[in-house]
Amino acid sequence: MSWVSGNSEDNFYKLLNVRRSANQETIEIAYAKMALKHHPDVAGDSPKVQERFANINKAYIVLSKPLDRAEYDKNLGLPVVEYQEPVYTPEVVTPEVATPEIVTDVGPNVSGSASEQAEEVVKKAEHKPENKPDHKQQAKSGIMSQKKLERIKQEAKKLITKGDFWRANALMRKAVADFPRDIQLRKLLAKAAQGRGRLREAVDELKKASEVEYFNPEIHCLIGDMYLQAKQIERAEKSYNDALSWQEDYKPASKGLEKIRELRRQNLPKWKKLFRMGK
């Protein structure tokens, strides 16, 4: 895969205004600032603005993933560097009581507009502690390794496929304490929560994922799906629109909005349905 061309707009480091030696945290802060400045909600909805914003998103997606970034550097002719995933201090996770329940009272949607999300990420990123443990410190402190995390995610996928949502959830709880910013892990936890009928918990997991990749339309769309399942139509509609604000041709979000329109048509009084048919 090659991301390099002669166009200066395609130089991802220049697009994000970072040095080629920038670490992952610096790239995250730079992206949040660029997204805040160049999002169509702020800079205008012209084709040029949309194109530049799409390129900024593409730059962040590549540079924030160590393997993709290494390949991109190779295409630029830069020395090969083995980038590491950032290591984060474990969060305290409250143990869950294993009692089945169906939750449809989904909490309030606090996501805000796209530009507000970007501003919030800038604030959080700029106040992150800079002293993170290296791999030796990670081993001494008992933090799970990346390889073990991948094994857990694969096993959790199998359990979810088999419908064993409770074991999948229990398996992933230690992992999410050590890797709270892993997007795939959060999505798997949301699936496990959905399978157990805990839609509020599923939304919470996806919102935590959106704090890391708030520009990712898939996450907003998945939140919309959970709200729709819980019959929270207004919140579902807002989440689908959030997804489209980041990628206007994102088909799953468009299909979600169509489902909402169909539900509203079905819930119309009979006289209104007849009135619409007569038009």
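Overview of results
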| read-out | value |
| --- | --- |
| In region 146-193, the residues that are part of a helix (DSSP H, G or I), closer than 20 Å to residue 223 by Cβ and charged (D, E, K, R) | 186, 187, 191 |
| Pairs where the first residue, in region 29-51, is modelled with pLDDT under 80 and the second is of a type in the set (Lys, Arg), C-beta under 9 Å, 6+ apart | 43/37; 43/52 |
| Residues being in a helix (DSSP H, G or I) and more than 8 Å from the chain's Cα centre (by Cα) - total across region 209-237 | 14 |
| Any hit, region 184-199, residues being within 20 Å of residue 28 (Cα to Cα), surrounded by 20 or more Cβ atoms within 10 Å (Cβ to Cβ) and without any contact (Cβ under 8 Å) to a residue 60 or more places away in the chain | yes |
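The values are calculated or read from the model by the stated rules, or taken from the named source; none is laboratory data. What you see is a predicted model, and the numbers here were worked out from it, not measured in a lab. Because the Cβ atoms are built from the backbone with ideal geometry, glycine has one as well, and the counts that use them run over all protein chains shown.
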